[in-house]
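Participant: Questions regarding the structure given below will be posed in turn.
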Amino acid sequence: MFAIVVGGGKMGSNLTRTLVARDHEVVVVENKTARADVLEDEFGHRVVHGDGTELYVLELAGITRPPDIVVAVTGDDEDNMIIAQLAREKYGVAKVIARVNDPRNQVHFDLLGISPTVCPTQRIMALIEHEVPEHDLIHLLELRRENLEIIEVEVDPKCPCVGKAIEKIGLPAGAQLISRVREGKAELVDAGTTLNAGDQVIAILEPGREDEVRKVLLGR
Amino acid sequence: MVGCGRVGSSLARSLADEGWEVVVVERREEALSRLGDDWRHPVVIGHGMDAHVLEEAGVEDADVLIAATDGDNTNLIIAQVATKRYGVENVAARIQDPARAEAYSDRGFEVISPVKMAIEGLASWALRAGTAS
């Protein structure tokens, strides 16, 4: 596989090292001179020194071949968006992965159709939500390409769904329950499975259905 | 007007003088002094890529949005957000790099490249001057 990694910071250099170790062809693009020198000591001819949002720099890195994948992991979201757009739309690169530094910029990546994206802050936040149960609805996984997400909820004692079968609780279209954990024991659910207070339920749903699902399972 | 550098501030003043309602968005508060002491139109301090900042500036009702920050990529993203998300009808982005200006020339917003204009202007002057002498 031939990969271009744009951005040679911690993430870019670790990715480059890992890809090289797995015998892939890699070029890493870095704009800062001092950083590029450090990378050259380790990766030699695999380093291209220049602004990875400039077309001629991307072309020096070999983007016209085109590569199997371009990874945009600079520290600037606007740069990562432009790199992703140029790679896919101008050079016909089939697979592009972009890093989201500021989670508030995720909407722009989505608007421009840049997918998949990786947002470390968002990932760690999801883990925090999972570990610290003060959030009533935990995002376990976002499947952006499929436009679905998987969430976990603990059924609230005051919720009208308590004691009812799943088919009777009035889940909206676009949301389905997958499993129920009761007293440490997990099982897949079906329409007849009943819910009790304190059950931990995993559901798959379309984004934007959280409020309806919250109402059904938490009663608020 | 997103960006209050030399281009953005002069342009904001010109449009205001024409009687337009102008809102200036700028990240650095000190840059707003370029507008002059007599500036009476609203300003919003914040990053032009921040949706809240754009909304506070009234992007949803804007007839025209000009992205003239000092970053080409920032301008390209702001212009696309204004066009695609907020449906602003007339959007222009100032792009220094001629190659990127060319790559984004056909995306439903105007791309103005001062560098490209300088190259074209100087080239045509040199050709005329050289031919005449």
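Participant: Could you tell me which residue of the stretch B:60-91 is farthest from the other protein chains (Cβ to nearest Cβ), considering only residues that are of a type in the set (Asp, Glu) and closer than 24 Å to residue B:120 by Cβ?
Facilitator: B:70
Participant: Restricting to the stretch A:95-108, and then to whatever is at pLDDT 95 or above and hydrophobic (A, V, I, L, M, F, W, C), can you tell me which residue is farthest from the chain's Cα centre (by Cα)?
Facilitator: A:96
Participant: Residues to consider are A:181, A:100, A:107, A:96; find the one that is β-branched (Val, Ile, Thr), buried (at least 18 other Cβ atoms within 10 Å of the Cβ) and either within 14 Å of chain B (Cβ to nearest Cβ) or over 19 Å from residue A:53 (Cα atoms) (or both).
Facilitator: Every option except A:100 fails the conditions.
Participant: With closer than 26 Å to residue A:82 by Cα, within 11 Å of another protein chain (Cβ to nearest Cβ) and surrounded by 15 or more Cβ atoms within 10 Å (Cβ to Cβ) as the only criterion, which of B:27, B:107, B:94 stands out?
Facilitator: So the residue among B:27, B:107, B:94 that is closer than 26 Å to residue A:82 by Cα, within 11 Å of another protein chain (Cβ to nearest Cβ) and surrounded by 15 or more Cβ atoms within 10 Å (Cβ to Cβ) is B:107.
Participant: Which pairs turn up if I take residues in the stretch A:1-23 that are within 19 Å of residue A:52 (Cα to Cα) and look for partners that are among the acidic types (Asp, Glu) and modelled with pLDDT of 95 or more with beta carbon separation below 6 Å, at least 6 apart in sequence or on another chain?
Facilitator: Taking only residues 6 or more apart or on different chains, the pairs are A:2/A:25; A:2/A:68; A:8/A:30.
Participant: Right, here's the next one. Name the one entry in A:163, A:113, A:174 that is surrounded by fewer than 16 Cβ atoms within 10 Å (Cβ to Cβ), of a type outside the set (D, E, K, R) and within 14 Å of another protein chain (Cβ to nearest Cβ).
Facilitator: Selected residue: A:113, the only one of A:163, A:113, A:174 that is surrounded by fewer than 16 Cβ atoms within 10 Å (Cβ to Cβ), of a type outside the set (D, E, K, R) and within 14 Å of another protein chain (Cβ to nearest Cβ).
Participant: Within the stretch A:1-97, considering only strands (runs of 3 or more DSSP E) that don't extend past its boundaries, which have at least 3 residues that are touching a Cys at 6+ places or on another chain (Cβ under 6 Å) and charged (D, E, K, R)?
Facilitator: Of the strands (runs of 3 or more DSSP E) lying wholly inside the stretch A:1-97, none has at least 3 residues that are touching a Cys at 6+ places or on another chain (Cβ under 6 Å) and charged (D, E, K, R).
Participant: Go through the stretch A:69-93 and give me each residue that's away from chain B (no Cβ under 12 Å) and either crowded, with 24+ Cβ neighbours inside 10 Å or in contact with a helix residue (DSSP H, G or I) (Cβ under 8 Å, 6 or more places away or on another chain) (or both).
Facilitator: Passing the criteria: A:70, A:71, A:73, A:93.
Participant: Residue by residue through the stretch B:66-96, note down the ones that are charged (D, E, K, R) and either in contact with a Leu (Cβ under 8 Å, 6 or more places away or on another chain) or outside any loop (DSSP other than H, G, I, E, B) (or both).
Facilitator: B:72, B:84, B:85, B:94
Participant: Here is a list: A:178, A:138, A:114. Which entry is at pLDDT below 90, out of contact with any Cys (no Cβ under 6 Å at 6 or more places or on another chain) and not in a helix (DSSP H, G or I)?
Facilitator: After applying the criteria, what remains is A:138.
Participant: Continuing with the same structure: Of everything in the stretch B:7-22, what is aliphatic (A, V, I, L, M) and either within 10 Å of the chain's Cα centre (by Cα) or not in a loop (DSSP other than H, G, I, E, B) (or both)? Give them in sequence order.
Facilitator: Residues satisfying the conditions are B:7, B:11, B:12, B:15, B:16.
Participant: Additional query: Just checking, how many residues over the stretch B:89-120 are closer than 15 Å to residue A:111 by Cβ and more than 14 Å from the chain's Cα centre (by Cα)?
Facilitator: 2
The values are calculated or read from the model by the stated rules, or taken from the named source; none is laboratory data. Source: prediction; values computed, not measured. Positions of Cβ are generated from backbone atoms using ideal geometry, with glycine treated the same way; all protein chains shown enter the neighbour counts.
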